[in-house]
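Worksheet: the structure to be examined is printed underneath.
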Amino acid sequence: MTGAGGNRALYEQMILEHNKKPRNFREMEDADHAIEGYNPLCGDHFTVYLKLDGDTVSDVSFTGSGCAISKASASLMTTLIKGKSREEAEAIFHTLHNMVTSNPDDPLDEKNLGKLVVLAGVREYPVRIKCATLAWHALVSAFEGEETVSTE
Ligand code: ZN
C-alpha cells in the first residue's frame, strides 16, 4: 500500500483546488448547445455549454453549483474534452465511469486515467458516483441535442 494514503491526500487537494477555482466556469452566449444537469440526490445543478466545429468540441464551459466532487469533475471535464471529437470525449467519460464504478480494491490504471485519477476516491463512496458523472452525462445528452438531464 505504498503511497496510497499520500496520493489520496493529493487527489483530495486537487479536487478542492478545482472546486475553488473551476476551469472554464463561465456562460457561453454563442454556444451551440446548453444543457442543464441536475442531481437531485445531492443538489448539484449545472449548465454545460458546448460549441462544436463539426464533430469537434471547439469550446466548452459550465456554470452552476454543487458539491466539490461534482464541480471538480465538471471543471476537469472542460479541460479534458476541449479540442476532442465527440467520440473521444465519450471515450473519456467511459474511462471515468468504469473507474468510479470499479472495486475500490482494484489497482488504478493511472496511465490510462491521466487527470481523471483525482476522482478515484469516489469508488469508496458509491453515492458520489452521480456527483462525479453529472457534467459528463450532461455532455453526452448535449451531443444528442437534449436540453436537460437528471441523474434520477
Ligand atoms: Zn454532489
Check your understanding: Any residue at all in segment 86-99 that is of a type in the set (Phe, Trp, Tyr), touching a helix residue (DSSP H, G or I) at 6+ places or on another chain (Cβ under 9 Å) and open to solvent by 60 Å² or more (accessible area, probe 1.4 Å)?
Key -> no
Check your understanding: With respect to the numbered conditions (1) within 15 Å of the ligand (Cβ to nearest atom); (2) closer than 17 Å to VAL149 by Cα; (3) surrounded by 14 or more Cβ atoms within 10 Å (Cβ to Cβ), which one is the sole condition not fulfilled by GLY43?
Key -> (3)
Check your understanding: Is it the case that THR101 is within 13 Å of the ligand (Cβ to nearest atom) and more than 16 Å from ALA72 (Cβ to Cβ)?
Key -> no
Practice item. Go through segment 52-81 and give me each residue that's assigned to a loop (DSSP other than H, G, I, E, B), in contact (Cβ under 8 Å) with a residue 40 or more places away in the chain and within 18 Å of ALA34 (Cα to Cα). Key: GLY66
Point to revise | Number of the condition not met by PHE46 [criteria: (1) without any contact (Cβ under 8 Å) to a residue 40 or more places away in the chain; (2) touching a strand residue (DSSP E or B) at 6+ places or on another chain (Cβ under 9 Å); (3) under 19 Å from LYS21 (Cβ atoms)] | key: (1)
Check your understanding: Would you pick out the residues in segment 52-78 that are more than 11 Å from LEU134 (Cβ to Cβ), open to solvent by less than 10 Å² (accessible area, probe 1.4 Å) and within 11 Å of the ligand (Cβ to nearest atom)?
Key -> ALA72
Check your understanding: Within the set of pairs 6+ apart or on separate chains, which have a first residue in segment 115-135 that is under 16 Å from ALA89 (Cβ atoms) and open to solvent by 80 Å² or more (accessible area, probe 1.4 Å), a second that is more than 15 Å from the ligand (Cβ to nearest atom) and assigned to a helix (DSSP H, G or I), and C-beta atoms under 8 Å apart?
Key -> LYS115/THR79; LYS115/LEU80
Point to revise | Filter result for PHE25 (of a type in the set (Phe, Trp, Tyr) and open to solvent by less than 50 Å² (accessible area, probe 1.4 Å)) | key: no
Check your understanding: In the list TYR49, TYR38, which residue meets the criterion of being closer than 17 Å to GLU147 by Cβ, open to solvent by 10 Å² or more (accessible area, probe 1.4 Å), outside any helix (DSSP H, G or I) and within 14 Å of the ligand (Cβ to nearest atom)?
Key -> TYR38
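The values are calculated or read from the model by the stated rules, or taken from the named source; none is laboratory data. The shown structure was predicted, so the numbers you read here are calculated from the model rather than taken from an experiment. In this analysis, Cβ positions are derived from the backbone assuming ideal geometry, glycine residues included, and neighbour counts consider all displayed protein chains. Ligands, DNA and RNA are stripped out before the accessible areas are found, and what is left, the full protein with its side chains, is counted by its heavy atoms. Shrake-Rupley method; radii C 1.70, N 1.55, O 1.52, S 1.80 Å.
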